[in-house]
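Data block below; observations after.
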Amino acid sequence: VGDKNDEARLANCEKAGAALAAKYQSTGNEELVLDLSDGGLTAEEAACVLLGLRLRNWRFDLYRTKMKDEQKVTLAQVSVIGAPEGAEAAWDDMAHVAAGVEFTRELITEPANILYPESFVERCRKRFDGTGAELIVLDEAQMEEMGMGSLLGVGLGSERESRILAIRWNGGGSEAPTAFVGKGVTFDTGGISIKPGPGMEDMKWDMGGAGAVAGAMLALAGRKAKANLVGVMGLVENMPDGKAQRPGDVVTSMSGQTIEVLNTDAEGRLVLADALHWTQEEFQPARIVDFATLTGAMIIALGHEFAGVF
């Protein structure tokens, strides 16, 4: 994994763990025993090996009905012997990060007929039960009363009702919270300004920002983070039915600003306008980190390895 001064050492530890999972994931073996007694790893490095192993072993096979036995994941348990001092505590902490990543992957992978605004909320209710985090949900009637015409306009063409979901974790006393705000378009056809057909199935991923927020909040609540945090997700489905908003329509956002909708496929900014404004009004955060899935533009600009931060 490199020498002791190698900055990539932790990443290499994750890669080493991932390589183990890849090799033994579908071999018929249910348990892997990992001997770290002679590896010269620190506690953090040992935890990174396990993180890479666990994340690489994750697979979403729920809807695969014709898999051969040799394709199925059999590896279910990893036991470690000879772990360095402190590795168990380091892994207890790192395991919550893994759980958050896995939850984000699950949300993003589910198809849009299974995961839509209401079912996204219910899945989070179940997953956060017992964590100590508080869930706040706004339905369409509440959003309409608050004047969220911008967010609600996006969901007009869908039979699925829109929602705002906030997950609050108070672990930092009286300090103002840090807010994460995520775009949660559970499916984006583009609306009346409909997208091209080829590749449209990938638009179930347009809730990736909200999925990342949910996973981050799960990891932070699991780790009992000593900070005040709130994750806000604007959840809508953008469909082109007879009630859908049209290019040229004017909507009024919660802030009172009017917005002319020139292209209904520019829906993310409409969702986030109201979600961001409500976050500021409701929680008075010290800072906001906004997660949007501007995937095409970011990949063109930066490739697959880097995120765009503004």
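The values are calculated or read from the model by the stated rules, or taken from the named source; none is laboratory data. The structure displayed is predicted, hence computed values, not measured ones. For neighbour counting, all protein chains shown are included, and Cβ atoms are generated from backbone atoms with ideal geometry for every residue, glycine included. Remember, those area values only see protein heavy atoms, side chains included, never the ligands or the DNA or RNA. Shrake-Rupley method; radii C 1.70, N 1.55, O 1.52, S 1.80 Å.
Contact order normalised by length for the chain, with contacts defined as Cα pairs under 8 Å and 6 or more residues apart; what percent is it?
Details: 619 pairs, mean separation 57.9, N = 310.
Relative contact order comes out at 19 percent.
Estimated from the Cβ-Cβ distance and a Förster radius of 30 angstrom, the FRET efficiency linking Asn29 and Lys226 is about 0.15. With both labels modelled 7 Å from their Cα along Cα-to-Cβ, the Thr109 to Glu145 distance reads 3.9 nm.
Oblate is the label for the stretch 64-211, because a/c, from the alpha-carbon gyration tensor with a ≥ b ≥ c as root eigenvalues, is 1.5 or above and a/b does not exceed b/c. Taking 0.36 nm per residue of separation and subtracting the current Cα-Cα distance, fully stretching the chain between Arg269 and Ile288 would add 5.3 nm. Placing dummy labels 7 Å off each Cα toward the beta-carbon, the span from Asp202 to Glu118 is 3.1 nm. What fraction, in whole percent, of alpha-carbon pairs in the stretch 216-310 exceed 16 Å separation? Looking at the stretch 216-310, the distances longer than 16 Å represent 68 percent of pairs. Segment Glu7..Ala176, full-extension length gain: 57.5 nm, with 0.36 nm per residue of separation and the alpha-carbon distance subtracted. Under a Gaussian network description of the chain, with springs only between Cα atoms under 10 Å, the residue in Gly197, Gly40, Gly130 that fluctuates furthest is Gly197. So what does log10 I(q)/I(0) come out to for the stretch 1-71 at q = 0.15, 0.19 Å⁻¹, using the Debye formula with one equal point on every Cα and no solvent? With no solvent term, the Cα-only Debye profile gives -0.56, -0.79. Stokes-Einstein at 20 °C, 1.002 mPa s, Kirkwood radius from Cα pairs: D for the stretch 141-259 in µm² s⁻¹? Using the Kirkwood radius from Cα pairs, D works out to 137 µm²/s. Annotation note: chymotrypsin sites (Phe, Trp or Tyr not before Pro) in the stretch 1-104 located in DSSP loop regions with a Cβ neighbour count of at most 11 within 10 Å are Tyr63. Calculated on C-alpha atoms, the gyration radius of the chain divided by its Kirkwood radius gives an Rg/Rh of 1.02.
Computed over the alpha carbons of the stretch 99-163, Rg followed by Dmax gives 13.5, 36 Å.
May I ask for the distance between the Cα centers of the stretch 46-72 and the stretch 234-310, given as a whole number of Å? Each part reduced to its Cα centre gives a spacing of 34 Å. Relative to its Kirkwood radius, the Cα radius of gyration of the stretch 55-129 gives an Rg/Rh of 1.06. Segment Ala76..Met298, full-extension length gain: 76.3 nm, with 0.36 nm per residue of separation and the alpha-carbon distance subtracted. Of Met207, Met200, the order by accessible heavy-atom surface (1.4 Å probe, DNA, RNA and ligands excluded), from most exposed downward, is Met200, Met207. With the charge dipole of the stretch 13-75 set up from +1 on Lys and Arg Cβ and -1 on Asp and Glu Cβ about the Cα centre, the Cα lying farthest toward the positive end among the listed residues Thr74, Phe60, Ala43 is that of Phe60.
Estimated at the nearest 10 Å², the accessible area of His304 is 150 Å² with a 1.4 Å probe.
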